[in-house]
Amino acid sequence: VVMGQQLNLNVHNPDRYALQLGNEVLGGNGFASRLMVDIRVKHGYSYGANSLLRIGRARSRFYVSYGSDPDKVKAVDELVLKNLNQLRETPVNADELLNAKQALVRSIPLEVSGVDNIARMLLSWSKMGEPLNQPMVAARQYLNLTAGQVQAVFKRSIRPRHLVQVVEGPRPKQH
């Protein structure tokens, strides 16, 4: 199952960093993410659930994806919406925020490890009109963000009831 939404936000919008940080809390940080804990660990509805943010030059896209049995789709959808609404209505706690910041900052060296990755990222930043020290810009932004800023950008940008959904496989009985 993939749920998605187009966002009115581009690569030059400073809100992107708060959105990326919130996405890390929601579903970008593997087993430490809210979606994995709620959907897989607590309820056992899925082997995995994650969220993804694709920041573009003109617009961006936000996705939530998971795999489940057809009879679990409705229950998982409700958990996804509950978690999205919590990010919109309540600031993330200090531990989640710190964990997400650390995960994003730690991932930066991996993006630019090796000659091929360095070349690919330099070309990408150049093409998008970003500075060539983009990893350092991002790291500073992540480290300075507050839980309130993450909440505010989720409230402005993410509309849980407007997500488009694609279900692949047998038709869910309830949906």
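The values are calculated or read from the model by the stated rules, or taken from the named source; none is laboratory data. All values reported here derive from a predicted model rather than from experimental measurement. All Cβ positions, glycine included, derive from the backbone under ideal geometry; neighbour counts span all protein chains shown. Each accessible area value is taken on the protein alone, full model and side chains, heavy atoms only, with ligands, DNA and RNA left out. Shrake-Rupley method; radii C 1.70, N 1.55, O 1.52, S 1.80 Å.
A few notes on this one:
- The listed residues are 11, 64, 25, 41, and the only one of them that is among the β-branched types (Val, Ile, Thr) and open to solvent by 40 Å² or more (accessible area, probe 1.4 Å) turns out to be 41.
- The listed residues are 114, 129, and the only one of them that is over 16 Å from the mean Cα position of the chain (by Cα), exposed (fewer than 12 other Cβ atoms within 10 Å of the Cβ) and touching a residue at least 60 places away in the same chain (Cβ under 8 Å) turns out to be 129.
- Screening residue 98 with (1) under 19 Å from residue 62 (Cβ atoms); (2) under 17 Å from the mean Cα position of the chain (by Cα) gives one miss only, at (1).
- In the stretch 44-53, residue nearest to residue 65 (Cα to Cα) [restricted to those that are open to solvent by 50 Å² or more (accessible area, probe 1.4 Å) and touching a helix residue (DSSP H, G or I) at 6+ places or on another chain (Cβ under 6 Å)]: 50
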